[in-house]
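Below is one structure; the comments refer to it alone.
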Amino acid sequence: PPGRVLDVGCGAGHFLAVAETRGWEAVGLEVSRSALDALRRVRRERHLAFSIVEGPLAQAGFPERHFDAVTLFEVLEHLDDPMETLAEVHRLLKDGGLLYLTTPNFDSLSRRLLGRRWRVIAQEHRCLFTTRAIITGLSRFGFRAVSVGTKNIDLPEVLSKWGVRKQRAHPTDRSSSSQRLRHAIEEVGWLRAVKAGVNHALRLLRLGDTLDVLAVKGDAASPESVRGPQPALCESVR
């Protein structure tokens with residue numbers, strides 16, 4: 001049943017809008033000024049009431065066990081210390097609360113084919129996770145992974161950088177090509193079926209570009225279990 005949900009890095013607030021219309025008490029947290037402007041515009045134009053909190057999660061001052069669910073859509077890769085964020089999310093969730101997150105998959109087929117040419121390896125991305133790393137990180141802070149899979153592959157980028165398209169495209173043009181391809185697929189029934197089949201294979205093989213994770217809050221890890229030197233949980237791209 002609906003409860004209270006926090007969307008960390010909520011962008012323009014479209015997820016918050018859907019959550020509110022489905023009965024959730026929605027709260028969005030964002031640090032980008034431009035995103036905050038769009039967020040307030042969406043709230044005003046759609047006559048919604050979701051709450052907006054500006055600033056980093058650690059400084060938001062939410063009480064312990066305050067949320068039934070927390071979402072992190074493409075957030076962890078931008079953080080210098082993603083483990084600190086997972087620990088704070090654990091504190092904010094009620095016992096049995098849900099965490100849903102997406103983040104780039106360092107073990108993806110695109111990264112294996114393109115190496116450092118993969119556009120995800122960029123200055124704004126501080127840390128990239130593998131499937132094993134995200135499961136380890138979640139369990140360290142008292143989460144139990146319910147579902148861990150992968151999805152999507154950026155076909156235009158792979159074809160372009162493997163020389164199928166000779167011209168060197170600007171990053172914005174590659175992104176536009178990917179968007180156009182997605183829209184074209186969604187408009188044709190058999191292409192949607194092919195996409196579903198490909199995503200099913202990518203999920204099973206864990207080779208998709210995006211990690212797709214659902215976890216539940218269990219018992220918090222003891223301070224002793226996370227103290228001292230720890231093995232690397234993600235590939236640094238600094």
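The values are calculated or read from the model by the stated rules, or taken from the named source; none is laboratory data. What you see is a predicted model; the values in this text were computed from it and never measured. Every residue, glycine among them, receives a Cβ derived from its backbone with ideal geometry; neighbour counts consider all protein chains shown. Protein only, heavy atoms only, side chains kept; ligands, DNA and RNA dropped before computing areas. Shrake-Rupley method; radii C 1.70, N 1.55, O 1.52, S 1.80 Å.
The residue of segment 83-93 that is nearest to F143 (Cα to Cα), among those that are open to solvent by 10 Å² or more (accessible area, probe 1.4 Å) and within 18 Å of the chain's Cα centre (by Cα), is H90. Looking across segment 103-130 at every residue that is of a type in the set (S, T, N, Q) and open to solvent by 10 Å² or more (accessible area, probe 1.4 Å), the one that is nearest to C10 (Cα to Cα) is identified as Q123. The set of residues from segment 50-77 being over 13 Å from E30 (Cα atoms) and at pLDDT below 95 comprises just one member, G61. Would you call A220 under 30 Å from D68 (Cβ atoms), within 23 Å of the chain's Cα centre (by Cα), at pLDDT below 60 and not acidic (D, E)? Spelling it out, A220 is indeed under 30 Å from D68 (Cβ atoms), within 23 Å of the chain's Cα centre (by Cα), at pLDDT below 60 and not acidic (D, E). Against the list (1) within 18 Å of the chain's Cα centre (by Cα); (2) at positive phi; (3) not charged (D, E, K, R), the condition S32 fails is (2). Quick check on segment 7-66: of everything there that is within 24 Å of E88 (Cα to Cα) and among the hydroxyl-bearing types (S, T, Y), which residue is least open to solvent (accessible area, probe 1.4 Å)? This residue is S32. The set of residues in segment 18-40 being assigned to a strand (DSSP E or B) and hydrophobic (A, V, I, L, M, F, W, C) consists of A26, V27, L29.
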